[in-house]
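Everything on this sheet refers to the single structure shown next.
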Amino acid sequence: MRKMKMKKKCKMIMVLLAFLMCISWLCVPVKADAATKLPNKVYKNVKGKWYTQSSSSGYNIKFTKTRVKYYDRSTNKLVYNCKIIKVTKIKKGYYKGEYKIVYKGPFGKNCYKTVNKGKKGFDYFYLYNGKWQYSGSSSLFKGKWKV
């Protein structure tokens, strides 16, 4: 009789330990994806202040090593703080030798492609139905912020 109680207790303890292991596995904190850093040779050309050509509600934009920051043109307050996901050098086509900076925007993936290595500006593209679409009004130009 005593052995029977011990077996039941052991089984109960094993079930309890298995349950606790499952719960602890679910509670392990997940590390957030780290933002991609812009390479120094790209960053030295893109740092500083940029603006969009959009006449009505354009943005002022600032690049950091890991983020693309959008500021409201009229109030100069931060509107979007977007994490850079990927930076690649383009190997062929019209943008050959330029850089593609992909970031997670407020409405999905977007990217800027440098023009003259970022010294002249950026062409803006957004992902729509799995294809990159160009937007001239959201492309960037170097210069003083228009407030």
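The values are calculated or read from the model by the stated rules, or taken from the named source; none is laboratory data. In this text, all values refer to a predicted model and were calculated from it rather than measured experimentally. All Cβ positions, glycine included, derive from the backbone under ideal geometry; neighbour counts span all protein chains shown. Heavy atoms of the whole protein, side chains included, go into the accessibility calculation; ligands, DNA and RNA do not. Shrake-Rupley method; radii C 1.70, N 1.55, O 1.52, S 1.80 Å.
Couple of notes before you dig in:
- Considering (1) part of a loop (DSSP other than H, G, I, E, B); (2) at pLDDT 65 or above, the lone condition that Lys49 does not fulfil carries the number (1).
- Gly58 meets each of the listed conditions (1) in contact (Cβ under 8 Å) with a residue 40 or more places away in the chain; (2) under 15 Å from Phe125 (Cβ atoms) apart from (2).
- Of all residues in region 93-108 being more than 18 Å from the chain's Cα centre (by Cα) and not aromatic (Phe, Trp, Tyr), the one that is surrounded by the fewest Cβ atoms within 10 Å (Cβ to Cβ): Gly93
- Residue check, Ile84 open to solvent by less than 80 Å² (accessible area, probe 1.4 Å) and touching a Leu at 6+ places or on another chain (Cβ under 8 Å): yes
- Taken over region 57-81, the residue count meeting the criterion of being open to solvent by less than 50 Å² (accessible area, probe 1.4 Å), closer than 13 Å to Tyr112 by Cβ and among the hydroxyl-bearing types (Ser, Thr, Tyr) is 1.
- For region 72-88, the criterion of being free of Cβ contacts under 8 Å to residues at least 12 places away in the same chain, closer than 18 Å to Leu38 by Cα and in a strand (DSSP E or B) is met by none of the residues.
- Among the residues of region 109-125, not a single one is more than 19 Å from Lys47 (Cβ to Cβ), part of a loop (DSSP other than H, G, I, E, B), open to solvent by 60 Å² or more (accessible area, probe 1.4 Å) and of a type outside the set (Lys, Arg).
- In region 38-49, the residues that are within 12 Å of Lys89 (Cα to Cα) reach residues that are hydrophobic (A, V, I, L, M, F, W, C) with C-beta atoms within less than 8 angstrom, at least six apart or across chains, in these pairs: Leu38/Val46; Leu38/Phe63; Leu38/Ile84; Leu38/Val87; Leu38/Ile101; Pro39/Val87; Val42/Val87; Val42/Ile101.
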